[in-house]
Amino acid sequence: MKLNRRNFIGKTILATAGSLIGFKYTYAQKTLIYKGKKNKPVVISTWNHGLKANEAAWEILKNKGRALDAVEKGVMAIEADPDILSVGLGGLPDRDGYVTLDASIMDETGNAGSVSFLQHIVHPISVARLVMEKTPHVMLAGEGALQFALLNGFKKENLLTPKAKKAWEKWKKEAKYKPIINIENHDTIGMLALDADGNLSGACTTSGLAYKMHGRVGDSPIIGAGIYVDNEVGAAVATGMGELVMKTLGSFLIVEFMRNGLSPQQACEKAINRIKQKLPNYKNFQIGYLALNKTGETGAYSLHKGFNYAKYDKKNNRMIEVDYLLK
Ligand code: ASP
């Protein structure tokens, strides 16, 4: 049985009963048990490049590997691809011509790591994982993150490819020198996986909005905004205009909606509707959410048309067009 309305009602009764006899609501939540068949392993990731990322992740998942390793390897394939203009090597720079990267990762124990405003490193996701595993911190930023990476053997590289530089030079001629946000210049790779052992992990990595202000950090490295994983419930990732995601703490919100009984699809829709309720100029921006729950059920929703994601499970690796709010 999936975590559905019935479970939710059951849980509410349990919680109410619990509070009457002295248990806390959180205690009742922990008693939630997911029964029935699970769709595992499964991996989902944002946008067209998700297909390639999923292939890399599946190599690990099909051999009963850990979801954490799968999501790291999966998004690394996109970070290293110079033809993808929104992630890692070849990412479009900020308005001053600097490629600055954000990335985050979460494992099944609730551990989290991230880097923000990191330059010169092809694989920020692996630096984020090291922050998670080797430091007492969650996030390292800018120069400190770079130093940490170099000390740990990462190589300093020029990430501004000729292709990205050309695009930036063209933009400079036409653009007014201020951050202009359109809905086409972002394509973060966000990936969520459930492994054969039933454990969840997630990863998110991006060069952020193209031609952003120098120093701008988006939602992707902010735990709870760009990504959230709770191994008891589910996981979520975001893409699109990060400022809207940060202001509504989108990924955490989706996981909490799932905790309260919504399916991944319903949870994503509700989080997009939260943006509509709270942020008056929401129509000018694109946001896409992806979610995966503990049973392997997936969902996605966006503000505008055009968001898609790749899903790889026992069936195959395929693209799925996402339903959206503004029709
Ligand atoms: N969410 C990212 C950011 O705001 C952009 C993206 O999804 O590509 O930095």
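Nothing in this text is a laboratory measurement; each read-out follows from the coordinates by a stated rule. Note that the coordinates shown come from a computational prediction; the quantities given were computed from them, not determined experimentally. All Cβ positions, even for glycine, are placed from backbone atoms using ideal geometry, and neighbour counts span all protein chains on display.
If you find the alpha carbon centre of segment 218-265 and of segment 40-77, how far apart are they in angstrom? Their Cα centres are 19 Å away from one another.
Relative to the current alpha-carbon distance between Lys156 and Lys62, full extension at 0.36 nm per residue lengthens the span by 30.5 nm. Over the residues of the chain, the helix contribution to mean residue ellipticity at 222 nm works out to -10500 deg cm²/dmol, using -39500 (n - 2.57) for each DSSP H run of at least 4. Ignoring lysines fewer than eight residues from Lys315 along the same chain, the ones with Cα atoms less than 30 angstrom from its Cα are Lys2, Lys35, Lys37, Lys38, Lys40, Lys52, Lys62, Lys64, Lys73, Lys270, Lys294, Lys305. For segment 124-272, the relative contact order is 16 percent, taking Cα pairs closer than 8 Å that sit 6 or more residues apart in sequence and dividing their mean separation by the residue count.
If you build the convex hull over the alpha carbons only and average its shadow over all orientations, what do you get for the chain? Give it in nm² to one decimal. Present the calculation step by step, with values, prior to reporting the outcome.
Values: hull surface 67.6 nm².
Over every viewing direction, the Cα hull of the chain projects on average to 16.9 nm².
What ranking of Glu55, Glu143, Glu174 emerges when the number of other C-beta atoms within 10 Å of each C-beta is taken as an exposure proxy, fewest first? Walk me through the intermediate numbers first.
Values: Glu55 15, Glu143 11, Glu174 7.
With the fewest neighbours first, Glu55, Glu143, Glu174 line up as Glu174, Glu143, Glu55.
Computed over segment 80-126, the P(r) tail beyond 16 angstrom holds 41 percent of alpha carbon pairs.
Obtain the radius of gyration and the Kirkwood radius of segment 74-186 from its C-alpha atoms and give Rg over Rh.
Numbers: Rg = 14.9 Å, Rh = 14.7 Å.
Rounded to two decimals, Rg/Rh equals 1.01.
For a Förster distance of 22 Å, can you work out the FRET efficiency between the beta-carbons of Ala196 and Glu55, rounded to the nearest 0.05?
Values: r = 18 Å, r/R0 = 0.80.
For Ala196 and Glu55, the calculated efficiency is 0.80.
Using 1/(1 + (r/R0)^6) with R0 = 25 angstrom and r between the beta carbons of Asn273 and Ile320, what's the FRET efficiency to the nearest 0.05? Write down the numbers at each step before the final one.
Details: r = 21 Å, r/R0 = 0.82.
Calculated value: 0.75.
Modelled label positions at Asn281 and Asn48, each set 7 Å beyond Cα in the direction of Cβ, lie 2.9 nm from each other. Average projected area of the Cα convex hull of segment 117-236, in nm²? Averaged projected hull area, Cα only: 9.3 nm². By the count of neighbouring beta-carbon atoms within 10 Å, fewest first, Leu151, Leu192, Leu249 end up ordered Leu151, Leu249, Leu192.
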